[in-house]
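To start, the structure under review is shown below, and the notes come after it.
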Amino acid sequence: MRRLVFRSFIGLHRTLYRASGGRIGGGRAVPILLLTTSGRKTGKRRTVPVQYLAEGETLVVVASNGGRPPHPAWFLNLRAEPRVEVELGRVRTVMRAREATAEERERFWPRLVELWPTYDKYQRGTARELPIVILEGSL
């Protein structure tokens, strides 16, 4: 039941974001983008809203999964296929995803926690290191 509610919320968020060009569901305090990955098993395209930090044309996201133990499916998908689609408002672009290096992690983590302090709580509450993902390409 919990999973169904979560999936319904994600679907509603995605629909409102797209219908409004990101004005609804795009985040005010914390910016939101839509990230589309290809399923590693099915090849089916899946789109999820994620918070991001912009660094020039590079976008930085955290695969937090709400602090739960497993990595989110979208992260596992982009490991298998790093070509992703990103929607910022009404602009869609193809980007390449990769895990942050140790140096990038050290640089971005404090800024990500400043953007969304709950990331720190998530990290303290799980044994896995929350992956930081760098999205690069044309915007």
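See the values below:
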read-out	value
Single condition GLU85 does not satisfy, out of (1) under 22 Å from ARG18 (Cα atoms); (2) open to solvent by 50 Å² or more (accessible area, probe 1.4 Å); (3) within 15 Å of the chain's Cα centre (by Cα)	(2)
Verdict on TRP116 being touching a residue at least 12 places away in the same chain (Cβ under 8 Å), within 15 Å of PRO31 (Cβ to Cβ) and either open to solvent by 10 Å² or more (accessible area, probe 1.4 Å) or not hydrophobic (A, V, I, L, M, F, W, C) (or both)	yes
Conditions (1) in contact with a Phe, Trp or Tyr (Cβ under 6 Å, 6 or more places away or on another chain); (2) loosely packed, with under 12 Cβ neighbours inside 10 Å: number failed by VAL30	(2)
Selected residue (only one of ALA80, ALA19 is without any contact (Cβ under 8 Å) to a residue 24 or more places away in the chain and over 18 Å from TYR119 (Cα atoms))	ALA19
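Condition check ((1) open to solvent by 30 Å² or more (accessible area, probe 1.4 Å); (2) part of a loop (DSSP other than H, G, I, E, B); (3) not β-branched (Val, Ile, Thr)) across all residues:
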position	(1), (2), (3)
LEU12	yes, no, yes
THR15	yes, no, no
PRO69	yes, yes, yes
ARG107	yes, no, yes
TYR122	yes, no, yes
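The values are calculated or read from the model by the stated rules, or taken from the named source; none is laboratory data. Everything numeric in this text was worked out from a predicted model, so none of it was measured. Cβ coordinates were reconstructed from backbone atoms using ideal geometry, including for glycine residues, and neighbour counts include every protein chain displayed. Heads up: the accessible areas ignore ligands, DNA and RNA and are worked out on the full protein's heavy atoms, side chains in. Shrake-Rupley method; radii C 1.70, N 1.55, O 1.52, S 1.80 Å.
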